[in-house]
1. If a residue has to be in contact with a helix residue (DSSP H, G or I) (Cβ under 7 Å, 6 or more places away or on another chain), within 14 Å of ligand 1 (Cβ to nearest atom) and either among the aromatic types (Phe, Trp, Tyr) or not in a helix (DSSP H, G or I) (or both) to count, how many in the stretch 72-121 make the cut?
2. Can you give me the number of residues within the stretch 83-110 that are surrounded by fewer than 24 Cβ atoms within 10 Å (Cβ to Cβ), near ligand 2 (Cβ under 10 Å from one of its atoms) and under 23 Å from SER66 (Cβ atoms)?
3. Can TRP265 be described as more than 9 Å from ligand 2 (Cβ to nearest atom) and within 30 Å of GLU20 (Cα to Cα)?
4. Being in contact with a Gly (Cβ under 9 Å, 6 or more places away or on another chain), part of a helix (DSSP H, G or I) and either at pLDDT below 95 or more than 12 Å from ligand 2 (Cβ to nearest atom) (or both) is the filter here, so list the residues in the stretch 169-214 that pass it.
5. Which residue out of THR38, THR11 is without any contact (Cβ under 8 Å) to a residue 12 or more places away in the chain, assigned to a loop (DSSP other than H, G, I, E, B) and in the same structural domain as MET231 (by TED's automatic domain parsing)?
6. Can you tell which of GLN132, GLN136 is modelled with pLDDT of 95 or more and open to solvent by less than 10 Å² (accessible area, probe 1.4 Å)?
7. If ARG183 satisfies every condition in (1) more than 22 Å from ARG292 (Cβ to Cβ); (2) of a type in the set (D, E, K, R); (3) more than 9 Å from ligand 1 (Cβ to nearest atom) but one, which is the exception?
Amino acid sequence: MGKTALITGITGQDGSYLAELLLREGYRVVGMTRRTSTDVHERIGHIVDDIEFVSGDLLDQSSITSIVAAVKPDEVYNLAAQSFVPASWTQPVLTGEFTALGVTRVLEAVRTVNPRIRFYQASSSEMFGKVQAVPQNEDTPFYPRSPYGVAKLYGHWITINYRESYDLYAVSGILFNHESSRRGKEFVTRKITDGVARIKLGLASELRLGNLEARRDWGFAGDYVRAMWLMLQQNAPDDYVIATGTTRSVGEFVRAAFDHVGLDWEKHVVVDPRFYRPAEVDVLVGDAGKARAALGWEPETSFEQLVETMVQADLERLRPFAAV
Ligand code: NAP
Ligand code: G4F
């Protein structure tokens, strides 16, 4: 009998890649989704018949506990969250409810239903915020700079606390930014590749962005979900940083994306202070040495491949709308 995995956040970018990986590994995959009046299966349309869906919400303890009891998972991947950093300033309480307390609700369900279930928490490099060391690893002190970062830090520590209090196999993956053609269009990489494709196809003339100086350690989401799975296959639970070890500015991503279609970015990009943040994370770069040594994990996709793949996917998606 294959294992059963329960994924919260299965309709998101990471949920879609993780579901694909677990299906390839022979798992029964169950996805928790919240009720919506429209179809949110865009990212998992190609595997929707291979997944079982259950209806629940991070805000609702009883639905989560009932789901864990009914599904009987071997592994729970808690990917659901309010994940867009700017929205955490406009909706700070909701972000705390979803992204912080939601973790406790899922952990409570695991603890009370079956403490042998293995649990993965989607922690974030946003917790390093105003970085206290370069590069950042598992021992770097945290200094979050947004309500989202603060909420993720709560989720990180409650995961460790449940591991230590109840002897759960509960791990926190501290993942640096990871992107793909399935990334939400509000995040900067996808906003850029979508904008570049629109400009190239004559559907737009400018791209308005905020801080071009911010630096991120960008990897490919498909590589990062493999690390999540590996973290739950070890003899003992532990926390890991997952990153490429290289950092690029938003401006460098912009230039690479425009270069790919042979356009001059300076003719199209407009810096718009509306996209500045009340407090910025200036630079992130991770040291994934521990994951490399213990999990055998390495990123397989380069920055250049990531940018090209994303631009190409947006060009193909938008081509039917281009003027002939
Ligand atoms: P995403 O695309 O924004 O997906 C978020 C998922 O959470 C969606 O499936 C969403 O469902 C679900 N969700 C939100 N609120 C919910 C609620 N109240 N109840 C149930 N489900 C809810 O995020 P992602 O990029 O895949 O990231 C996955 C996780 O990793 C998140 O926790 C994120 O914070 C974390 N993370 C991401 C990165 C990154 O670079 N991508 C890095 C570090 C950590 P709907 O479809 O219904 O909205
Ligand atoms: O793409 P972003 O919105 O991602 P951010 O804030 O780094 O957060 C993402 O990565 C985290 C891991 O570190 C995750 F936990 C989180 O859930 C999310 O997936 O912004 C990246 C940078 C920022 O410094 C921002 O100020 O890009 C800068 N930026 C410049 N112009 C912009 C824009 N960001 C957005 N979203 N939109 C702009 O127009």
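The values are calculated or read from the model by the stated rules, or taken from the named source; none is laboratory data. These numbers were taken from a predicted model, which means no experiment stands behind them. Using ideal geometry, Cβ is built from the backbone for each residue, glycine included, and neighbour counts are taken over all protein chains shown. For accessibility, only protein heavy atoms count, side chains too; no ligands or nucleic acids. Shrake-Rupley method; radii C 1.70, N 1.55, O 1.52, S 1.80 Å.
1. Qualifying residue count, the stretch 72-121: 11.
2. Residues that pass the stated criteria total 0.
3. In short, no.
4. LYS200 - this is the single residue of the stretch 169-214 that is in contact with a Gly (Cβ under 9 Å, 6 or more places away or on another chain), part of a helix (DSSP H, G or I) and either at pLDDT below 95 or more than 12 Å from ligand 2 (Cβ to nearest atom) (or both).
5. THR38
6. When all the criteria are applied, what remains is GLN136.
7. (3)
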